[in-house]
Amino acid sequence: MSGHALEEVSPVYGLMAEFETAGQLVAAARKTREAGYKKFDAYSPLPLHELDEAMDLHDNRVGWFTLCGGLTGCTVGFSLCSWVSALAYPLNIGGRQLISIPMFIPVTFECTILFAGLTCAFSMILLNGLPSPYHPVFNWDRFVTASKSKFFLCIEAKDKKYDPEETKAFLAGLGAEEIAEVAQ
Amino acid sequence: MEQPVELASEIKIGPVIDPGLSLAAVSDKISSIVLKRKTTLGWMVGVFIGFILLQGLLTGLTWLLMKGVGVWGLNIPVGWGFAIINFVWWIGIGHAGTLISAILLLLNQSWRNAINRFAEAMTIFAVMCAGIFPIFHTGRPWLAYWLFPYPNTMSMWPQFRSPLLWDVFAVSTYFTISAVFWFIGLVPDFATLRDSAKHRWQAVIYGFLSLGWRGSARHWQRYEKASLLLAGLATPLVVSVHTVVSFDFAVSIVPGWHTTIFPPYFVAGAIYSGFAMVLTLMIPVRSIYSLEGVITMRHINNMAKVTLATGLIVGYGYTMEAFFGWYSANKYEQFMIWNRMTGPYAPFYWALIFCNIITPQFLWSKKIRTNLMAIWIISLIVNVGMWLERFVIVVTSLHRDFLPSSWSMYWPTIWDWAMYIGTIGLFTVLIFLFIRALPMITIFELRMLLPGAKVKEPVAQ
């Protein structure tokens, strides 16, 4: 974090609003995006697929990483079988082919799944920036309900359009029940 | 996402979740089982029984390591006894978990949401029990790492053309992917537990496990994508695992094993026994923890239907085995199937037919599918039947070798039984610990079924 020490760090992470229903949050997120805010996030206790569209979220990198992982696993599995059977430990059994493709399929397949699955899980976790032991959103004591029953929207102070008064009024206009400034 | 309340003809099956529950109520209901509920006497008794049975495993393993595999009832020709029977039985039980968590997710069957966590836990514990058997069956389990390809001073490499090696890859991949899938599914629920914790230590432990999950929409988007991909990967995986297990038999040239029907029939049998085990465990847990509003009669009914359907596939498998034994015009095959039906192990074969073909037919009746006690008893019978199936396949195919001079009988010894019962104890203890320490129902997916999860944007937008 020392790299950021010289920059001017605002003591405020952003403004956070609490909503009662999923519908309110989706509508609020859509309007926030339409109002021109870029650095904001919605928080919900369950995945809301409507939010992807409302916030224009389309990160497909997990899929690409998984594909790459799968292809790597496939190559590794098949190469391992072939290298071991043809070069490292060749067994001449009645002159049969050393690289016997059908017999290598199970191991190749399992390696494909193993590599793809692990890449998928780890790329999702890392792209999400997890594990993150600390995050400013947890500074608002009401945020504990974000993992249970309530819906939250946070506009970050880093956003160019952010203005303490205007943004607050904007969030209030979205029908938020509670609004609070969240410390960095 | 909303489930319509379905009134199925004359008997009411009910919805997939009690629609009166709110988001907060569901979160509280499941997390309080872990966080607030006192450890009950029933739980203690359950763990105690499991722990006593587990001693059978520890004693059996100790004696085995002192004396060698000779303490088992194995002989030549029956070199594959309880170790392989139990291995296949346990792996099969595990498969329902993956089916429920992955295949039903891809098929968009939202009723799975209430039972997938439990079924996945069952998968992982069952695979752990399964793994013990082949490792100790190798005779020198401390050298089990020789199964993996790694550069070594002996300049030896594994035989990649052997189904037994495929097993190593299939089962270890299966365990890894199941565990990862399970953990990923737990992350948002760990966050719920962290935020509901009464004590600091609970918040710290669950907070650590939750990886700092905060329910961000950007995270959920990737999370949902990853879940779908993992489900897509786990689906062919579960099919491949039991296919590979069946190859252990089918690739050999032993009459009774050398059959092309083995892979599909093994997979169906695995799902069959797995669903039976889910029912065996779920029915008591549901009433002990009063989860009737979450695990509804619709779940029980659906699981009973899957059990019936897979049971019919298994029945078809048995019929085809017998038919091809005769139709092959191969006298070894013919003798094998005739010996299976009328030979010294005939009672096992007919008990298997009773357990796996006759018993599930009761599930055609909706009255029985909605009678918890009846389903529970049927599920127990199916579990026994599937164990008998593996016994019949392994033992009856081997004990009459090609030459009558090498015929023999196989009877398990007390050490075989000790280990088998011991793994049931291990499984029981793990299930009880899981129920106590982790949310046994996926809370965030349960929320998705509630009316509160339905997105109705305010009109003025």
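The values are calculated or read from the model by the stated rules, or taken from the named source; none is laboratory data. Please read these numbers as outputs of a predicted model, since none were measured by experiment. With ideal geometry, Cβ positions are generated from the backbone for all residues, glycine too; neighbour counts draw on all protein chains shown.
Checked against (1) touching a residue at least 12 places away in the same chain (Cβ under 8 Å); (2) small (Gly, Ala, Ser); (3) within 14 Å of chain A (Cβ to nearest Cβ), residue B:60 passes all but condition (3). Would you be able to say whether some residue in the range B:85-97 is on the phi < 0 side of the Ramachandran plot and surrounded by fewer than 24 Cβ atoms within 10 Å (Cβ to Cβ)? Scanning the range B:85-97 turns up at least one residue that is on the phi < 0 side of the Ramachandran plot and surrounded by fewer than 24 Cβ atoms within 10 Å (Cβ to Cβ).
Kindly indicate whether residue B:47 is at pLDDT below 95 and within 30 Å of residue B:453 (Cα to Cα). Taking the combined requirement at face value, the residue does not satisfy it.
Against the conditions (1) over 21 Å from the mean Cα position of the chain (by Cα); (2) buried (at least 19 other Cβ atoms within 10 Å of the Cβ), residue A:86 satisfies every one except (2). State yes or no: is residue B:437 hydrophobic (A, V, I, L, M, F, W, C), crowded, with 20+ Cβ neighbours inside 10 Å and either more than 14 Å from chain A (Cβ to nearest Cβ) or touching a Gly at 6+ places or on another chain (Cβ under 8 Å) (or both)? No: the conditions fail for residue B:437. Does residue A:121 meet the test of being assigned by TED's automatic domain parsing to the domain that holds residue A:37 and either farther than 25 Å from residue B:248 by Cβ or touching a residue at least 60 places away in the same chain (Cβ under 8 Å) (or both)? So residue A:121 does not fit the description; no.
This table checks each residue for (1) closer than 28 Å to residue B:425 by Cα; (2) not in a helix (DSSP H, G or I).
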{"residue": "B:129", "(1), (2)": "yes, no"}
{"residue": "B:132", "(1), (2)": "yes, no"}
{"residue": "B:145", "(1), (2)": "yes, no"}
{"residue": "B:160", "(1), (2)": "no, yes"}
{"residue": "B:177", "(1), (2)": "yes, no"}
{"residue": "B:186", "(1), (2)": "yes, no"}
{"residue": "B:219", "(1), (2)": "no, no"}
{"residue": "B:224", "(1), (2)": "no, no"}
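Evaluated against (1) in a helix (DSSP H, G or I); (2) over 16 Å from residue B:185 (Cβ atoms); (3) small (Gly, Ala, Ser), residue B:155 falls short on exactly one condition, (1). For the range A:4-18, the count of residues that are within 7 Å of chain B (Cβ to nearest Cβ) and either among the hydrophobic types (A, V, I, L, M, F, W, C) or over 22 Å from residue A:135 (Cα atoms) (or both) is zero. Filtered by the rule that a residue be closer than 30 Å to residue B:166 by Cα and more than 7 Å from chain B (Cβ to nearest Cβ), the range A:112-127 gives A:112, A:115, A:119, A:122, A:123. When the range B:107-160 is filtered for residues that are buried (at least 19 other Cβ atoms within 10 Å of the Cβ) and free of Cβ contacts under 8 Å to residues at least 40 places away in the same chain, the ones remaining, listed by number, are B:112, B:149, B:157, B:158, B:160. Applying the selection to the range A:16-31, what residues are at pLDDT 90 or above and of a type in the set (Val, Ile, Thr)? Hit for the range A:16-31 is A:26, nothing else. For the range A:144-160, the count of residues that are of a type outside the set (Gly, Ala, Ser), more than 8 Å from chain B (Cβ to nearest Cβ), surrounded by fewer than 18 Cβ atoms within 10 Å (Cβ to Cβ) and touching an Asp or Glu at 6+ places or on another chain (Cβ under 9 Å) is zero.
Taking only the range B:291-349 into account, find how many residues are outside any helix (DSSP H, G or I) and under 21 Å from residue B:78 (Cα atoms). Counting residues in the range B:291-349 that are outside any helix (DSSP H, G or I) and under 21 Å from residue B:78 (Cα atoms) gives 3. Only one entry of A:104, A:78 meets the criterion of being more than 8 Å from every other protein chain (Cβ to nearest Cβ), within 15 Å of residue B:160 (Cβ to Cβ), surrounded by fewer than 23 Cβ atoms within 10 Å (Cβ to Cβ) and of a type in the set (Phe, Trp, Tyr), and that entry is A:78.
Quick grid of which residues meet (1) assigned to a helix (DSSP H, G or I); (2) at pLDDT below 95; (3) closer than 19 Å to residue B:147 by Cβ:
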| site | (1), (2), (3) |
| --- | --- |
| A:56 | no, yes, no |
| A:64 | yes, no, no |
| A:69 | yes, no, no |
| A:96 | no, yes, no |
| A:99 | no, yes, no |
| A:102 | yes, yes, no |
| A:118 | yes, no, no |
| A:125 | yes, no, no |
| A:129 | no, yes, no |
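Just one of (1) facing chain B (nearest Cβ under 9 Å); (2) in contact (Cβ under 8 Å) with a residue 24 or more places away in the chain trips up residue A:130, so point out which. Result: residue A:130 passes all but (2).
The set of residues in the range B:429-449 that are in a helix (DSSP H, G or I) and either hydroxyl-bearing (Ser, Thr, Tyr) or closer than 15 Å to residue B:28 by Cβ (or both) comprises B:443, B:444, B:446, B:447.
Select, from B:141, B:149, B:158, B:188, the only residue that is over 22 Å from the mean Cα position of the chain (by Cα), more than 8 Å from chain A (Cβ to nearest Cβ) and modelled with pLDDT of 90 or more. Criteria check complete, one pass: B:141.
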